[in-house]
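The values are calculated or read from the model by the stated rules, or taken from the named source; none is laboratory data. Because the structure is predicted, anything quoted here is derived from the model rather than measured. Positions of Cβ are generated from backbone atoms using ideal geometry, with glycine treated the same way; all protein chains shown enter the neighbour counts. The accessibility values were calculated without ligands, DNA or RNA, using every heavy atom of the protein model including side chains. Shrake-Rupley method; radii C 1.70, N 1.55, O 1.52, S 1.80 Å.
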Amino acid sequence: AFLSTSLPPRAPERPSPCFCASALGAPSKMVPASKESSRGKVVCVLYDDPVTGYPPKYARDSIPEIERYPDGQSAPTPTSKPDFAPGALLGCVSGELGLRAFLESRGIELVVTSDKDGPDSEFEKHLAGAEVVISQPFWPAYMTAERIAKAPKLRMCLTAGIGSDHVDLEAACGRDITVAEVTFCNSISVAEHVVMMILSLVRNYIPSYQQVVLGGWNIADCVMRSYDIEGMHVGSVASGRIGLAVLRRLKPFDVHLHYTDRRRLPEDVEQELGLTYHPDVESMVKVCDVVTINCPLHPGTEHMFNKDLISKMKRGAYIVNTARGKICDRDAIAAALEEGQLAGYAGDVWFPQPAPPTHPWRSMPHHAMTPHISGTSLSAQFRYAQGVREILECFYDGRPIREEYIIAQGGKLAGTGAASYEQGNTTAGSAEAASFRPK
């Protein structure tokens, strides 16, 4: 298996932190705000702090300012000024998405925890009073129908990032719960990650890196699975914000570009990038050397890449999946790598998340998997934290939330959700995440 040998030291096991708003307005472990002073309750699930402590020592002093995305959509524009610096680590428990002072100034209770799985988790303990649940794709709080039933006051499920498949959309619509996400906030972050992983796989980068770390210099071992991507046929499953950004970034590599999507791109875009359109996934994967998966997870894409579809791909093809783990049949992927049908598999998405220790993708050969990190760079965190703040401002001020941020509203899919999702449920099996124990 492609496993890094330069891993950080293990941290001692410790309880997952959970902070609530205290009467003094400062983070205080498990001290809730008084009900009399609270206008509502926001429960926020974020990933754990760095093992080395918080705040970290940052590698850079600043990040570029992004005002608009490639399609012209503006970056998040909350009316309140952030009380955090761009480039800060906001996606972990102590980072709190920079929300504490903002919410407390409005009399709203904030609970932040990383303990999200199982009936005894801190997350479930606070569901009954939650008006808003905030979660991330990287460390998702799975909002199953059972959990939604335990939250009678719940009015909104908000994703700090993009992708709301961790919410049972059918159950949410049945309760008229708004589902929203910060559309486009980290699409380019993910697209960059895709290109990096394609090159890492095809050029056999990780085993070559390990040669250096382990003190070796066997060039033959490094290059016996190394190829150029020049001239290869690369296909994207979906050509939305991420898929199109991937295709644009791959064009300078002189590859043959393919895509499939239920909505065809404009003719001028196809001509500009030299794209070949395929009406379905099967016809595309048959001709591609590399396939990158960039579609949402919904009932229509769940386990799309199964044994049958993989068998129709070129022998020695590569798959890069930064969309959602459940789009691929995990056992079929592992078997295809063992048997040589696939030359490599890379991605940062698993199901469930975090992946249990026995998940086969941890140990299968010729993989370049990481935890779910592609969309949570420090650059992306600033944008999705700002987007969460903008959405909360609209929610509590009674103003409309941007249509592009809406996944479900008024008991049905709406906004971006109506264009990208199918109403249904893809959270089945998420309880397995409770078997993960941090090292």
### Query
What full-extension length gain, to one decimal in nm, is calculated for Ala428 and Asp397 as 0.36 nm per residue of separation minus the Cα-Cα distance?
7.7 nm
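Hey, can you rank 202-215, 421-434 by average C-beta count inside 10 Å, highest first? Intermediate results must be reported in sequence, preceding the final value.
Numbers: 202-215: 15.4, 421-434: 17.7.
For the peptides 202-215, 421-434, the packing ranking is 421-434, 202-215.
Send over the Kirkwood Rh of region 236-367, from the inverse of the averaged 1/r over different Cα pairs, rounded to one decimal Å. Working shown, then result.
Details: mean 1/r = 0.0662 Å⁻¹.
Kirkwood hydrodynamic radius for region 236-367: 15.1 Å.
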### Query
Quick one: Cα centre-to-centre distance for region 323-353 and region 249-285, in angstrom?
23 Å
### Task
Along Cα→Cβ, 7 Å out, is where each label goes; now give me the distance between the ones at Thr77 and Tyr209 in nm to one decimal.
3.9 nm
### Query
Given the C-alpha centroids of region 44-96 and region 157-181, what is the distance between them in whole angstrom?
23 Å
### Query
Full extension from Lys307 to Phe436: what is 0.36 nm times the residue separation minus their Cα-Cα distance, to one decimal in nm?
43.8 nm
### Message
Among 230-237, 260-267, 217-224, 333-340, how do they line up by average Cβ neighbours within 10 Å per residue, starting with the highest?
### Response
230-237, 333-340, 260-267, 217-224
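What is the Cα convex hull volume of region 145-297 when expressed per residue in Å³? Please report the intermediate quantities before stating the final value.
On the way: hull volume 25.6 nm³, N = 153.
Convex hull volume per residue, Cα atoms: 167 Å³.
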### Task
Report in % the part of the accessible area of region 79-216 that belongs to carbon and sulfur, leaving out ligands and nucleic acids; probe 1.4 Å.
55 percent
### Query
When averaged across all projection directions, what area in nm² does the alpha-carbon convex hull of region 296-439 cover?
10.7 nm²
### Pairwise Cα inverse-distance average, inverted: Kirkwood Rh of the chain (Å)
22.6 Å
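In what sequence, highest mean first, do 154-161, 73-80, 244-251, 124-131 appear when ranked by Cβ atoms within 10 angstrom?
Numbers: 154-161: 24.5, 73-80: 14.4, 244-251: 21.2, 124-131: 19.0.
Highest-to-lowest ranking by the protection proxy: 154-161, 244-251, 124-131, 73-80.
Whole number please: convex hull volume per residue, Cα atoms of region 357-439, in Å³. Working shown, then result.
Details: hull volume 15.4 nm³, N = 83.
Each residue corresponds to 185 Å³ of Cα convex hull volume.
Contour minus end-to-end for Asp221 and Arg249, with contour as 0.36 nm per residue of separation and end-to-end as the Cα-Cα distance? Intermediate values should be presented prior to the final figure.
Values: separation 28, 0.36 × 28 = 10.08 nm, distance 2.95 nm.
Stretched out fully, the Asp221 to Arg249 stretch lengthens by 7.1 nm.
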